[in-house]
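> Have a look at this one.
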Amino acid sequence: MKIRSLNKKIFCLLFALCSLLSALCSTLSAQEKIDFSVTTLSDEEIQLSQLYAKGPTLVTFWALWCEPCKSEMRSLQSLFEKYSEQGFSLLTINEDSPKSAAKVSSYIASQNYSFPVVLDPNGELLQLVNGQSVPFAILFDTGGKIVHQRIGYLHGDEKELEKEIVKLISKTE
């Protein structure tokens, strides 16, 4: 009798947890449109809605201490070089602490990255998009709709992302 009661409590707890996780995951895609204005490391003002109005836009959150993030950045540079002439935009948002923020500019320069980089030392932008950890990537279509999200990065994930980007580019031509 006690085991059945315990199993029932565990089931209810798991069901509640799954419901909560489902609600959290759908919150981001349920938002009408995400928009924000930022200043890049090169002092360029960028409005997210202006980026995705031009073509598919990838926003990715990363940190210097995150090795998967740095691996992803290398593949994102290749995608940016390959598709930026076709309207693809990339905005990378660094989540390092205020103490580490000074190292970001030198890292970006040392890697010869040409995409825009923004600092978010207090995690406000990550919270705005309901991000929980880095790397976190969101791909928007030209209407600002989220068409792809990914938490984490494994080598090869860029191939799936590239397919999505190509699909979106072909829709805008």
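The values are calculated or read from the model by the stated rules, or taken from the named source; none is laboratory data. Remember, it's a predicted structure, so these values are computed and weren't measured experimentally. Methodologically, a virtual Cβ is constructed for each residue, glycine included, from the backbone with ideal geometry; neighbour enumeration extends over all protein chains shown.
> State whether the residues of segment 59-71 include one that is over 19 Å from HIS155 (Cα atoms) and part of a loop (DSSP other than H, G, I, E, B). Show your work before the answer.
The first filter runs over segment 59-71 and keeps only residues over 19 Å from HIS155 (Cα atoms), leaving none.
Looking through segment 59-71, none of the residues is over 19 Å from HIS155 (Cα atoms) and part of a loop (DSSP other than H, G, I, E, B).
> Only one residue in ASN122, ASN112 is over 13 Å from the mean Cα position of the chain (by Cα) and under 13 Å from ASN94 (Cα atoms). Which one? Lay out the reasoning, then the answer.
Values: ASN112 fails: under 13 Å from ASN94 (Cα atoms).
Just one listed residue meets the conditions, ASN122.
> Can you find a residue in segment 102-114 that is outside any helix (DSSP H, G or I), among the aliphatic types (A, V, I, L, M), out of contact with any Gly (no Cβ under 7 Å at 6 or more places or on another chain) and surrounded by 14 or more Cβ atoms within 10 Å (Cβ to Cβ)? Don't jump to the end; show me each part of the working.
Here is the first cut: in segment 102-114, the ones outside any helix (DSSP H, G or I) are 111-114.
Restricting the remaining residues to those that are among the aliphatic types (A, V, I, L, M) gives none.
The answer is no; no qualifying residue exists.
> If you scan segment 128-145, which residues turn out to be touching a strand residue (DSSP E or B) at 6+ places or on another chain (Cβ under 9 Å), of a type outside the set (Gly, Ala, Ser) and either touching a residue at least 24 places away in the same chain (Cβ under 8 Å) or under 17 Å from LYS159 (Cα atoms) (or both)?
Step one: of segment 128-145, the residues touching a strand residue (DSSP E or B) at 6+ places or on another chain (Cβ under 9 Å) are 129, 131-142, 144.
Remaining after also requiring of a type outside the set (Gly, Ala, Ser): 129, 132, 134-136, 138-142.
Listed by number, the residues that qualify are VAL129, VAL134, PRO135, PHE136, ILE138, LEU139, PHE140, ASP141, THR142.
> Another question about this same structure. Every residue in segment 80-99 that is surrounded by fewer than 20 Cβ atoms within 10 Å (Cβ to Cβ) and farther than 15 Å from GLN111 by Cα, please.
LYS82, SER84, GLU85, GLN86, GLY87, SER97, PRO98, LYS99
> Here is a further query. For the structure I just gave you, tell me whether ARG74 is within 17 Å of the chain's Cα centre (by Cα) and closer than 21 Å to LEU41 by Cα.
On the way: within 17 Å of the chain's Cα centre (by Cα): yes; closer than 21 Å to LEU41 by Cα: yes.
Taking the combined requirement at face value, the residue satisfies it.
> What do you reckon, is CYS25 surrounded by 12 or more Cβ atoms within 10 Å (Cβ to Cβ), at pLDDT below 95, out of contact with any helix residue (DSSP H, G or I) (no Cβ under 6 Å at 6 or more places or on another chain) and in a helix (DSSP H, G or I)?
Details: surrounded by 12 or more Cβ atoms within 10 Å (Cβ to Cβ): yes; at pLDDT below 95: yes; out of contact with any helix residue (DSSP H, G or I) (no Cβ under 6 Å at 6 or more places or on another chain): yes; in a helix (DSSP H, G or I): yes.
Yes; evaluated as a whole, the condition is true for this residue.
> Then there is this: Taking GLN149 as the residue in question, decide whether it is surrounded by fewer than 16 Cβ atoms within 10 Å (Cβ to Cβ) and in a strand (DSSP E or B).
Working: surrounded by fewer than 16 Cβ atoms within 10 Å (Cβ to Cβ): yes; in a strand (DSSP E or B): yes.
Considered against the rule, which asks whether it is surrounded by fewer than 16 Cβ atoms within 10 Å (Cβ to Cβ) and in a strand (DSSP E or B), GLN149 comes out as yes.
> Hey, does segment 37-49 have a residue that's at pLDDT 95 or above and assigned to a helix (DSSP H, G or I)?
Looking for residues that are at pLDDT 95 or above and assigned to a helix (DSSP H, G or I), one finds at least one in segment 37-49, hence yes.
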